[in-house]
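Engineer: Have a look at this one before I ask anything.
Just so you know, all these numbers are worked out from the coordinates, no wet-lab data involved. All figures in this text were calculated on a predicted structure; none of them were measured in a lab. Every residue, glycine among them, receives a Cβ derived from its backbone with ideal geometry; neighbour counts consider all protein chains shown.
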Amino acid sequence: MSTDVVTQLTMEFPELAHLSRQDLEDLLSDTNYFQAVFHSLPAVKAMYAAQAELGNANESIANNNLASQERLYRLRSETQDAFNEAKLLEARWKELEKEQRDVYQRYTPQFLLMRLRHSVTAQDDASETLANAFIQHQSLGTSESPSGTSTPSGKEIDDFIKEYKEARKVYHKRVIWSDRWTKGQVEWRDD
C-alpha cells in the first residue's frame, strides 16, 4: 500500500489515523477485521442509528396506517355508496329534465298555435256535424205534415239553434285568436 493511499485514507477517515500500516493492510485483507473496524466507526454507528430511527418511524407510521385501515375501508365503502347514489340521482335528473322538456313542449307558443288551429278545424267540423245531424233528423221526422214532410217542433228548433249558435261562437272566437296570433298581436310571457 502506497503512502499516498494511506494519507488519503486517514484524511477521509481520521478515526483510522491511529492504526499502523500493518493494521491497515490487515484491515484490507481480513474481511472480519474490516467489518469489526467498519462497524466501530462513529459515522457508521450514526448511520445505523439514523437507519434504526427511520425504521422505527416507518414502523410507527405502518402501525398508524394499520390502525386506520378499518376506518379507511369503511370510508371507501361509504364514498362508493355515495358515488353510486349520485350516479343514480344524476340518471334520475336526466329523466326529470326530459319529462320537463316534454311537458314544456306542450306549452310552447308554436305548439299552442298548432293546437289552436286544430281546434278551429275540429270546432268547425263539430258544428257542421251538429247541423247535418239536425237536418237528417228532420228528414226522418217524427211528425209529418199533410204534404208528407216532417216539421220539427218549436222546442227542437230552439234547442238546435242554441247549441249550433254556441258551437259557432266558439269557432269564431278561435278563428279570431288564430288570426291575431298570425298577425303577431299575441304576446307570451314566461312568468
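Engineer: Run lengths n ≥ 4 of DSSP H only: what is the helix-derived mean residue ellipticity at 222 nm for the chain, with -39500 (n - 2.57) per run over all residues, to the nearest 500? Before the final figure, lay out the partial values.
Structural biologist: Details: 6 runs with 154 residues, N = 191.
Per the formula, -28500 deg cm²/dmol.
Engineer: Expressed in nm to one decimal, what extension gain is obtained for the pair residue 103 and residue 166 from 0.36 nm per residue of sequence separation less their Cα-Cα distance? All intermediate terms of the calculation are to be shown ahead of the outcome.
Structural biologist: Values: separation 63, 0.36 × 63 = 22.68 nm, distance 3.13 nm.
Residue separation times 0.36 nm, minus the Cα-Cα distance, leaves 19.5 nm.
Engineer: In addition: Given springs between every Cα pair under 10 Å in a Gaussian network model of the chain, which of 155, 169, 98 has the largest fluctuation?
Structural biologist: Looking only at 155, 169, 98, the biggest GNM fluctuation is shown by 155.
Engineer: How far, in degrees from 0 to 90, does helix 31-40 lean away from the longest principal axis of the Cα atoms of the chain, to the nearest 10?
Structural biologist: 70
Engineer: Between 78, 12, 99, which gets the highest mean-square fluctuation from a Gaussian network model of the chain, Cα cutoff 10 Å?
Structural biologist: Its mean-square fluctuation being the largest, the pick is 12.
Engineer: Given points 7 Å out from each Cα along the Cα-Cβ axis, report the residue 95 to residue 7 separation in nanometres with one decimal.
Structural biologist: Modelled inter-label distance: 9.0 nm.
Engineer: While we're looking at this one, here's another question. Between residue 26 and residue 57, how many nm apart are label points set 7 Å from Cα along the C-beta direction?
Structural biologist: That separation, rounded to one decimal, is 4.0 nm.
Engineer: With everything on Cα atoms, drop me the angle between helix 42-105 and the longest principal axis of the chain, reported from 0 to 90° to the nearest 10.
Structural biologist: With rounding to tens, the tilt is 10 degrees.
Engineer: Here's a follow-up. 7 Å from Cα along Cα→Cβ at both residue 73 and residue 131: what's the point-to-point distance in nm?
Structural biologist: Label at residue 73, label at residue 131, 8.5 nm between them.
Engineer: What is the angle, in °, between the Cα long axis of helix 109-140 and the longest principal axis of the Cα atoms in the chain? Nearest 10 is fine, range 0 to 90.
Structural biologist: 30
Engineer: Related question: Could you compute how fast the chain diffuses translationally, taking Rh as the Kirkwood radius over C-alpha pairs and applying Stokes-Einstein at 4 °C with viscosity 1.567 mPa s? Give it in µm² per second.
Structural biologist: Rounded, D is 45 µm²/s.
Engineer: Can you give me the C-alpha center-to-center distance between the range 165-191 and the range 2-33, rounded to a whole angstrom?
Structural biologist: 113
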